[in-house]
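Rule-based calculations on the coordinates, nothing more; no lab input. Being a predicted model, the structure only gives us computed values, none of them experimental. For neighbour counting, all protein chains shown are included, and Cβ atoms are generated from backbone atoms with ideal geometry for every residue, glycine included.
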Amino acid sequence: MYRLSVSIIFINRTLFPRILVKLGSKKSESGNRVKDFYIKEYKKLFLIPLILFLISGAILFNTYNKTGEAIRRDVSLKGGISVTINLGYDDMPGLEKFLFDKFPDSSIHLRTIGSTNNVAGIIIEASDIDEDALIDAIKEKITLTKNNYSVETMGSSLGDSFFKQMFVAVLLAFVSMGVVFQIYFKNIYATLAALFSAFMDIFITLGIMDILGVRLTAGGIAAYLMLIGYSIDTSILISTKLLKDRTDEISKAIFGAMKTGFTMSAAGIAATGVSFLLTNNTTLKQIMLILIVGLIIDLLTTWIGNVAFLRYYLEKKHGQN
Amino acid sequence: MGKIKSLLGNWRIWIYLVFFVITLLAINPNPFIEGVTIRTVASNSSAFNAGMSSPSPSDAPMSRERIEKINNIPVKSVEEFEKIISNFPKNTTLTIKTSESTYSLLFTSKEKLGLSVYEAPKSNIILGLDLQGGTRVVLQPEKKLSTDDMGILLDNMKRRIDVFGLTDTVVRSSSDLTGNQFIIIEVAGANEEEVKDLLAKQGKFEAKIGNETTFLGGKDITYVCRTAECSGIDPQQGCQKYAEGYACAFRFSISLSKAAAERQANITNNLGVSYNQYGEGYLDKPLDLYLDDVLVDSLQISSELKGSASTDISISGSGAGRDRSAAIKDAQQNMKQLQTVLITGSLPVKLDIIKTDNLSPSLGKEFLANAILISFLSIIAVTLVVIIRYRRVKIAIPIITIITSEILLILGVAALLKQNLDIAGIAGIIVAIGTGVDDQIVITDEILGHETEKDSKYLSWKQKIKKAFFIVFAAYFATIAAMTPLLFAGAGLLKGFAVTTIIGVTNGVFITRPAFAEMMRALIEEK
């Protein structure tokens, strides 16, 4: 399930420097054409994040229709038991079938740490199950010692309220960031544009996570909060350049900011990419995956979405272009 | 040389250096430290009587008492400690040399020694449970408690844990955005699953004859015997085999307060006496023992006790298991729990267990080693991006310097605030570093970008920095705004993440970012 996203990182890690070099080098013919298109047809380009936004909405709606909730949560946000076993095991399908047969009424998910060929650890998540019964059943297949496994249980009421509160925390983050943005730029249009592009970023990333089959964990919510922060950072950058200290024509200002913004995102994607590939902790892995996808989507929502809003605003207000 | 001189003349650099030194002192790293650190000294054990004591939870890890030698044999690991103690001849003198003192005591058995130890920490960074292993239990009171009641509850729980014999335990209250109250108990290092039953018990102990209460746990009981002479597996009843396994009986004696003894005398005075087949006389009604309103045992009262204000009573109960040794262990565990609640009395409210975590120490160790590796490689990855973008290795130098020192600064402040570093905290560090790199790129571009523009001549150094810091501070306030709700949400389970992020970005804007700008100035102006 992670393989798809791994290739995304590789593409981007190799593509990024090239794009950056291109932006920085003497203008080539093709480079110019892309730039001209980007500057002239910004309204058409806006369709890209908009379509992704709509597709994501359709995906989440479909999940909602199927499961009754738009965002699939793991046991840390829903209640249940998570057992992490620090051992390799070569018969995962066998273990899966054994547990399914033993507990037909429970919902059980098995995941592995490491690669498919070299399983370094197993994570078993289950709800509607007795902790001792589950551990006893696992012991029939795997030797558990006091030291080689962790068990985490989350009461369903706490899981539920935790999820709701995190939702509130995200909302509060949006509102308070909006306040900060408004105080800084004193321009409600720029504030709404920044918030909307951050929202699009999160929303599209949620859709992609759904396709990848990733269940949201408590750590994942932290990742979305971070993502809002990063997205607002790039919005602050472009808003400063377009609204606050403009001395150049608009295209120069945009490309200047873009150079900085792309370097920021490339640094972020490089760091989270390395962490995603190498971490042995599932919480961190999910945080990193959300950040990688989110940072890539942020390139679209900021440099196409947010820029389009701001330019439209400037055009209406001053007739500038 | 002149470059360094001009840097050292700048107060921003000095603030940075001073904080850096404070941080190192706070972390106090010593990778060469050897020995084992004392986790617990059981009360009334031989180590306790020799003057050794458990560390207080507020002691910094590096200042805790460390065992260096036992009878002049150096102790380097927990395994070595166990080996030395297990092979030691009984009834000989043991000399323990610690980082603070030397103790001499008579060694009788490993259990009597009462020492539990863990590998000596190599710095003051306190690792969270998910990185060092341990047990966490989150409880929720059935009804809302006032601040005073919550204080009483926490005190009682701490006492319970203490009496039960666990230290290095943190008991704290927490709440969430909707005002729900939680009690979080963390036992570091060990897998102590059995504590969760003890903690969740309200511990309301009642002894009744008929409908009349004779005594209650806590205040009516003046002494609970816990030594082998008057507590343990009942030698008369012992263990018995059943179809499902074994069951073992335990007993221990307690002393009642005078008032309770007299109450009992009054009640028993009105009871009749009946005799069994062996001619032994018993009172009509038994003494019923209730724990949290559940009948746990019913004791026949000998006819001699009728109307007597006897203060000594023997309490009994049982435990069961698949085999004999499991049944004995269960009985002993039940006895220990009952003794604990009899001593500490009942909690003001019923508690529900809403979350338990048993975290493996070996898994935690692997996570930690891995976290260090990925931090290192992430720094390299970021450096590569910076070098590719600016085509100047020189610009990478201040950026790497700042990233590395920012990680240390976060760890140092966390150590000073005694904030645990858990996996969520590591994620927070990574975010803070990411934001830091973003800011540095903004600053670098403001400085370098204007260099090539026509108007750069009109922009002074100060103006360039002002422009950059406009963006840096906006981003800072936005991050703080995003993280603050997390500090209070959901029983504080993601607090570690929010705290490290806030520490990191705050250090960044006030300490490292100004220093970075100065370093860049030194680099650029030199040309």
For chain A, the Rg and Dmax computed from alpha carbons only, in angstrom: 22.9, 74
Top positive-direction residue, dipole computed over chain B with Cβ charges, set B:Leu24, B:Ile443, B:Ala489: B:Ile443
Coarse-grained scattering of the protein assembly as shown at q = 0.07 Å⁻¹, given as base-10 log I(q)/I(0) from a Debye sum over alpha-carbon atoms: -0.66
Rounded to whole Å and ordered largest first, report the semi-axes of the equivalent ellipsoid of segment B:36-119 derived from its Cα gyration tensor (root of 5λ). 19, 14, 11
If you filter segment A:140-211 for trypsin sites (Lys or Arg not before Pro), then keep DSSP loop positions with at most 13 other Cβ within 10 Å, what is left? A:Lys146, A:Lys186
Additional length obtainable on full extension of the chain from B:Ile524 to B:Glu280, 0.36 nm per residue less Cα span: 77.7 nm
Once you average over the residues of B:387-395, how many Cβ atoms of partner chains fall within 10 Å of each Cβ? 3
Leaving out same-chain residues fewer than 8 places away, which lysines sit with a Cα under 22 Å from that of A:Lys316? A:Lys40, A:Lys43, A:Lys44, A:Lys186, A:Lys241, A:Lys244, A:Lys252
Residue-wise HN-Hα coupling along segment B:320-330, computed from phi with Karplus coefficients 6.51, -1.76, 1.60 (Hz; x: Gly, Pro): 10, x, 5, 10, 5, 5, 5, 5, 5, 4, 5
Estimated D of segment B:134-200 in µm² per second, where Rh is the Kirkwood radius over Cα pairs and Stokes-Einstein applies at 10 °C, 1.306 mPa s: 129
Sorted on mean Cβ neighbours within 10 Å (highest first), peptides B:353-365, B:31-43 come out as B:353-365, B:31-43
Taking the Cα centre of the protein assembly as shown as the origin, how large is its charge dipole in debye, to the nearest 20, when only Lys and Arg (+1) and Asp and Glu (-1) carry charge on their Cβ atoms? 4140
With charges set only on the Cβ (+1 for Lys and Arg, -1 for Asp and Glu), what does the dipole of segment B:206-328 come to about its Cα centre, in debye to the nearest 20? 180
In degrees from 0 to 90, rounded to the nearest 10, what is the angle of the helix A:282-300 Cα long axis to the longest principal axis of chain A? 20
Angle between the Cα long axis of helix B:393-416 and the longest principal axis of chain B, 0 to 90 degrees, nearest 10? 30
Once both label points are put 7 Å beyond Cα along the C-beta direction, the B:Val21-B:Glu304 separation in nm becomes 7.7
How big is the Cα convex hull of segment A:80-154 in projection, averaged over all directions, in nm²? 4.5
In nm, give the distance between the simple-model label positions of B:Ile387 and B:Ser43, each being 7 Å from the Cα along the Cα-to-Cβ direction. 6.1
√(5λ) per eigenvalue of the Cα gyration tensor, segment B:206-328, largest first, Å: 27, 18, 14
Give me the percent relative contact order of chain B, please, defined on Cα pairs under 8 angstrom at least 6 residues apart. 18
Running a GNM on chain A with Cα contacts under 10 Å, which residue among A:Tyr230, A:Tyr42, A:Tyr149 ends up with the highest mean-square fluctuation? A:Tyr149
Diffusion constant of segment B:290-434 at 25 °C, which comes from Stokes-Einstein with the Kirkwood Cα-pair radius and 0.890 mPa s, µm²/s: 111
Residues with amide H under 5 Å from that of B:Glu68, placed H, sequence gap 5 or more: B:Lys97, B:Thr98, B:Ser99
Amide H contacts of A:Arg72 (H built 1.01 Å from N, under 5 Å, at least 5 apart or other chain): A:Leu216
With each label point set 7 Å from Cα along the Cα-Cβ vector, what nm distance links A:Ile55 and A:Val179? 3.8
Any idea which of B:Ile343, B:Ser56, A:Gly121 is furthest toward the positive side of the dipole for the protein assembly as shown, if Lys and Arg beta-carbons carry +1 and Asp and Glu beta-carbons -1? A:Gly121
Toy charge model, Lys and Arg Cβ at +1, Asp and Glu Cβ at -1: segment B:255-324 dipole around Cα centroid in debye, rounded to 20, equals 80
Calculated from DSSP H runs of 4 or more alone, at -39500 (n - 2.57) each and per residue, what is the 222 nm mean residue ellipticity of chain A, nearest 500? -23000 deg cm²/dmol
In segment B:197-264, taking the dipole from +1 charges on Lys and Arg beta carbons and -1 charges on Asp and Glu beta carbons about the Cα centre, the listed residue (B:Ala249, B:Leu216, B:Cys239) farthest towards the positive end is B:Leu216
Could you give the angle, 0 to 90 degrees to the nearest 10, between helix B:258-269's Cα long axis and the longest principal axis of the Cα atoms of chain B? 40
Compactness relative to 2.2 N^0.38 Å, alpha carbon Rg of chain B: 1.31
Under Karplus coefficients 6.51, -1.76 and 1.60, residue-wise ³J(HN,Hα) of segment B:283-298 in Hz, glycine/proline x: 6, 4, 10, x, 8, 9, 9, 10, 10, 6, 6, 10, 5, 9, 7, 10
Hey, got the average number of other protein chain Cβ atoms within 10 angstrom for residues in A:253-260? 3
Rounded to a whole number, the mean other protein chain Cβ count within 10 angstrom for residues of B:364-377 is 4
From phi via Karplus (6.51, -1.76, 1.60), per-residue ³J(HN,Hα) for segment A:94-108 in Hz, x at Gly/Pro: x, 5, 4, 5, 4, 5, 4, 5, 6, 10, x, 8, 9, 9, 10
For n ≥ 4 DSSP H runs only, could you compute -39500 (n - 2.57) per run for chain B, divide by its residues and tell me the 222 nm figure to the nearest 500? -15000 deg cm²/dmol
Taking 0.36 nm per residue of separation and subtracting the Cα-Cα distance, what length does fully extending B:Ser53 through B:Tyr242 add? 63.7 nm
B:Thr484 label point, 7 Å along Cα→Cβ, cut-off 15 Å on backbone N: hits in segment A:172-205? A:172-184
